[in-house]
Amino acid sequence: MTDLRVLSVASEAYPLIKTGGLADVAGALPLALAHEGIEMGTLLPGYPEVIGAMDKTVALALPESVTRMAGGHGRLLLGAVGGLWLLVLDIPHLYGRPGNPYLAPDGTDWPDNGLRFGVLSRMAAEIAMGCVAPWVPDLVHAHDWQAGLTPAYMAMAPGRHPPSIITIHNLAFAGKMPLTLGETLGLPDWMLGLDGAEFYGDLSLLKAGLRYADAITTVSPSYAAEILTPEWGMGLDGLLRARSHVLHGILNGIDIQAWNPSSDRLLAAAYDAGHVAARATNKASLQAMMALELNPQAPLFGLVSRLSWQKGVDVLMQALPALLECGGQLAVLGNGDAELVAAIRTAAAEHPGRIGCFIGYNEAVAHAVQGGCDALLVPSRFEPCGLTQLYALRYGAIPVVARVGGLADTVIDANVMALNAGVATGVQFAPVTPTALAAAITRTATLYNDKPVWARMQANAMSTDVSWRGPAREYARLYRSLVAA
Ligand code: ADP
C-alpha cells in the first residue's frame with residue numbers, strides 16, 4: 001500500500017542515462033522504496049535517450065514560469081519505463097542533445113548548464129506546489145547540484161510547501177555558475193548573498209540546495225562526518241556544520257538484479273557463493289580480454305573507475321612496483337583525465353602480459369572485471385559512498401580500499417581480530433599514499449596465497465547485504481519524520 005508520494009529530481013537515472021553513481025541511485029531507489037509503501041516519481045530532463053525509451057506518454061503543458069525561464073516551449077511527459085514512473089521535461093532546445101548530459105562533444109561543459117538545470121529545478125518546484133494535480137508529492141528529494149535550486153524555488157513559493165531533502169552524491173561538484181545568472185534564474189537578491197547561494201563570488205546551485213532544503217543527506221555516515229571538516233568540506237563545511245543537525249549519512253545499495261553473479265549474462269561463467277571455483281573461467285576470460293598472461297595463480301587486481309585525482313589512480317601508478325613484485329596482474333577499465341590514460345597505457349606497454357587496460361566506458365567489461373579479478377582496487381582520496389566495492393563484495397572480488405568515506409563503512413578490513421573472528425571482507429589502507437597502497441597490495445597477495453583464509457573472505461564478501469533494502473528503510477524513516485514534522 002502506498003501512503004507517501006515523493007518526487008525525486010535527478011539529472012540522470014540508470015538504465016536510461018548514466019555517467020556515474022548518481023544514476024545508479026536515482027534508478028534503483030524508487031523500486032526499493034515501493035516495498036516501503038512509498039511511490040516515487042522521478043523528474044528527469046528530456047534527453048533523447050530518455051524520450052526514446054518512453055512509450056505511451058501523456059503530455060502536459062508547462063507552467064508559464066518554466067516556459068518563461070526556459071525561453072522557449074516544451075512539454076512535461078508522464079510515463080513509465082521499466083518500473084520507473086517518470087516525469088520528463090521535454091524542452092528540446094535545452095535537453096535535446098545526445099551523449100553526455102553535462103558535456104559538449106569537445107568535453108567542455110555546456111555553456112548553458114546553469115539554465116538547463118535551473119529550469120529543471122523550477123519545474124520540480126512547480127510539481128511540488130501541485131501543478132501535476134492530482135499527483136502532488138508529500139516530499140521532494142533533490143539530487144546533487146543539478147537539482148540544487150529545487151529547495152530554493154520551493155522556499156520562494158508563497159504558502160505551504162512539502163518538505164525537501166537534498167542528497168550530496170559528491171561535494172566536489174558545487175554547480176558553480178556566474179552570480180549574474182541569478183537574475184535569469186529568477187532568484188531574489190536575498191538569496192544571492194553569503195547567507196544564500198553565493199559561493200566565493202559565484203553562484204553555487206548545490207549551496208542553494210544545502211541552504212534551503214529541510215534535510216540534507218549524503219551517501220555514507222563517514223562521508224557525512226568528513227564533509228564537516230575544512231579538508232573535505234570543499235568550502236561548504238561551514239554551512240554544513242551549521243546545518244549538521246539535519247545532515248544524515250545513508251549508504252547506497254546496489255541493484256542486486258543487474259549485479260547478480262548467478263545470472264549475469266555478461267560473465268563467461270555464472271556462479272554463486274557455493275561455486276566460486278567457477279570464477280577461474282571468468283579470470284581466464286578477463287586475462288584474455290586484457291591481453292594478460294593466462295596464469296591462474298597470479299593474483300589479478302582490477303580497477304573500474306573514472307580516471308581522476310579523486311580516485312587515486314596516480315597513487316596506484318606509483319604503487320605498481322609492489323603489485324608486480326608480488327607476482328600480481330592488473331586489469332584496468334576506465335576513462336577520464338588524459339594524463340592518467342597515458343600513464344596507464346604506458347604501464348601496459350612496459351609490462352605486457354602483466355598490466356592490461358580497456359580505456360573507455362563499457363558496462364560489459366565492468367561486469368567481466370568484477371567477475372574475473374581476484375581483488376578490486378579502490379584507492380580513492382575521498383569517496384562519498386563508492387559502488388564498485390559493493391559490486392566487488394557481491395561478486396567475491398576482494399575489495400582493497402582506501403579507509404575513507406563509504407569505503408571505510410562498507411568493507412571489513414582483514415586485520416588480525418577480523419581474521420580471527422572470521423568476518424573480514426576486504427583490505428583497507430590509510431593514508432592514501434603509494435607506500436600505504438603498496439603495503440595493502442602486498443598484504444592482499446599474502447592473503448590470496450592462504451587459500452582457506454581467502455575462501456572465507458570471499459564467502460563473507462558474497463554474503464554481505466549490499467541491497468537497497470536497508471538504505472530504503474532509512475530513507476523511508478527520514479521521509480516520514482519530515483512529513484510528520
Ligand atoms: P563515481 O560516481 O564517483 O564515478 P561510483 O563508484 O559511485 O563512482 O560509481 C561508479 C559507477 O560507474 C559504477 O557503477 C561503475 O561500475 C561505473 N563505471 C565507472 N567507470 C566505468 C567504465 N569505464 N566502464 C563502465 N562502468 C564504469
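Any residue at all in segment 411-428 that is within 14 Å of the ligand (Cβ to nearest atom), under 16 Å from Gly21 (Cβ atoms) and in contact with a strand residue (DSSP E or B) (Cβ under 9 Å, 6 or more places away or on another chain)? Show your work before the answer.
Residues of segment 411-428 that are within 14 Å of the ligand (Cβ to nearest atom), as a first pass: 411.
Next, only the ones that are under 16 Å from Gly21 (Cβ atoms) stay: none.
Checking segment 411-428: not a single residue is within 14 Å of the ligand (Cβ to nearest atom), under 16 Å from Gly21 (Cβ atoms) and in contact with a strand residue (DSSP E or B) (Cβ under 9 Å, 6 or more places away or on another chain).
Pairs, please: C-beta under 6 Å, at least 6 apart or cross-chain, first residue aromatic (Phe, Trp, Tyr) and in segment 191-213, second outside any strand (DSSP E or B)?
Note: pairs meeting the criteria are Phe199/Lys207; Tyr212/Pro151; Tyr212/Ala152; Tyr212/Ala155.
Among the residues of segment 384-408, how many are open to solvent by 10 Å² or more (accessible area, probe 1.4 Å) and either among the charged types (D, E, K, R) or more than 10 Å from the ligand (Cβ to nearest atom) (or both)?
The qualifying residues number 4.
Only one residue in Ser8, Ser65 is polar (S, T, N, Q), more than 16 Å from the ligand (Cβ to nearest atom) and under 22 Å from the mean Cα position of the chain (by Cα). Which one? Quick ask: steps written out before the conclusion?
Numbers: Ser65 fails: under 22 Å from the mean Cα position of the chain (by Cα).
On inspection, the qualifying residue turns out to be Ser8.
Which of the residues spanning segment 134-174 are within 16 Å of the ligand (Cβ to nearest atom) and either over 28 Å from Phe382 (Cα atoms) or not aliphatic (A, V, I, L, M) (or both)?
Within segment 134-174, His143, Asp144, Trp145, Gln146, Thr167, His169, Asn170, Phe173 meet the criteria.
One residue is enough: does segment 177-184 have a residue meeting the conditions open to solvent by less than 50 Å² (accessible area, probe 1.4 Å) and part of a loop (DSSP other than H, G, I, E, B)?
The first filter runs over segment 177-184 and keeps only residues open to solvent by less than 50 Å² (accessible area, probe 1.4 Å), leaving 177, 181-182.
From what is left, the residues that are part of a loop (DSSP other than H, G, I, E, B) are none.
Looking through segment 177-184, none of the residues is open to solvent by less than 50 Å² (accessible area, probe 1.4 Å) and part of a loop (DSSP other than H, G, I, E, B).
Is it the case that some residue within segment 347-368 is under 28 Å from Ile17 (Cβ atoms), of a type outside the set (D, E, K, R), buried (at least 24 other Cβ atoms within 10 Å of the Cβ) and modelled with pLDDT of 95 or more? Spell out the reasoning first.
Within segment 347-368, the subset under 28 Å from Ile17 (Cβ atoms) is 357-368.
If we keep only those that are of a type outside the set (D, E, K, R) too, we end up with 357-362, 364-368.
If we keep only those that are buried (at least 24 other Cβ atoms within 10 Å of the Cβ) too, we end up with 368.
From what's left, modelled with pLDDT of 95 or more: 368.
Yes: one or more hits.
Considering Gly356, Gly405, Gly396, Gly371, which residue is within 17 Å of the chain's Cα centre (by Cα) and not assigned by TED's automatic domain parsing to the domain that holds Leu228?
On the way: Gly356 fails: within 17 Å of the chain's Cα centre (by Cα); Gly396 fails: within 17 Å of the chain's Cα centre (by Cα); Gly371 fails: within 17 Å of the chain's Cα centre (by Cα).
Answer to the selection: Gly405.
Suppose the filter is in the same structural domain as Gln310 (by TED's automatic domain parsing), exposed (fewer than 15 other Cβ atoms within 10 Å of the Cβ) and in contact with a helix residue (DSSP H, G or I) (Cβ under 8 Å, 6 or more places away or on another chain); does Ala455 pass it? Explain how you work it out, then say what you get.
Working: in the same structural domain as Gln310 (by TED's automatic domain parsing): yes; exposed (fewer than 15 other Cβ atoms within 10 Å of the Cβ): yes; in contact with a helix residue (DSSP H, G or I) (Cβ under 8 Å, 6 or more places away or on another chain): yes.
Here the answer is yes, as Ala455 does meet what is asked.
For Tyr475, which of the numbered conditions (1) surrounded by 20 or more Cβ atoms within 10 Å (Cβ to Cβ); (2) not assigned by TED's automatic domain parsing to the domain that holds Thr218 fails to hold?
So Tyr475 meets the others, but not (2).
Quick one: is Gly302 touching a helix residue (DSSP H, G or I) at 6+ places or on another chain (Cβ under 9 Å), within 16 Å of the ligand (Cβ to nearest atom) and at pLDDT 95 or above?
Values: touching a helix residue (DSSP H, G or I) at 6+ places or on another chain (Cβ under 9 Å): yes; within 16 Å of the ligand (Cβ to nearest atom): yes; at pLDDT 95 or above: yes.
Yes; evaluated as a whole, the condition is true for this residue.
Restricting to segment 250-273, count the residues that are over 27 Å from the mean Cα position of the chain (by Cα) and at pLDDT below 95. Steps first, please.
Here is the first cut: in segment 250-273, the residues over 27 Å from the mean Cα position of the chain (by Cα) are 269.
Add one more test, that the residue is at pLDDT below 95, and what stays is none.
Of the residues in segment 250-273, 0 are over 27 Å from the mean Cα position of the chain (by Cα) and at pLDDT below 95.
Scan (1) surrounded by fewer than 18 Cβ atoms within 10 Å (Cβ to Cβ); (2) out of contact with any Phe, Trp or Tyr (no Cβ under 9 Å at 6 or more places or on another chain); (3) under 16 Å from Gly396 (Cα atoms) for the single condition Lys283 breaks and write down its number.
Tallying (1) surrounded by fewer than 18 Cβ atoms within 10 Å (Cβ to Cβ); (2) out of contact with any Phe, Trp or Tyr (no Cβ under 9 Å at 6 or more places or on another chain); (3) under 16 Å from Gly396 (Cα atoms), Lys283 fails exactly one: (1).
Here is a yes/no grid of residues against (1) modelled with pLDDT under 95; (2) among the hydrophobic types (A, V, I, L, M, F, W, C); (3) farther than 24 Å from Asn252 by Cβ:
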{"site": "Arg97", "(1), (2), (3)": "yes, no, yes"}
{"site": "Asn100", "(1), (2), (3)": "yes, no, no"}
{"site": "Leu120", "(1), (2), (3)": "no, yes, no"}
{"site": "Val136", "(1), (2), (3)": "no, yes, yes"}
{"site": "Val140", "(1), (2), (3)": "no, yes, no"}
{"site": "Trp145", "(1), (2), (3)": "no, yes, no"}
{"site": "Tyr153", "(1), (2), (3)": "no, no, yes"}
{"site": "Arg160", "(1), (2), (3)": "yes, no, yes"}
{"site": "Ser164", "(1), (2), (3)": "no, no, no"}
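The values are calculated or read from the model by the stated rules, or taken from the named source; none is laboratory data. Quantities reported herein were computed from a predicted structural model and do not represent experimental measurements. Cβ atoms come from the backbone with ideal geometry, glycine included; neighbour counts cover every protein chain shown. Please note that ligands, DNA and RNA were not included when accessible areas were found on the heavy atoms of the full protein model with its side chains. Shrake-Rupley method; radii C 1.70, N 1.55, O 1.52, S 1.80 Å.
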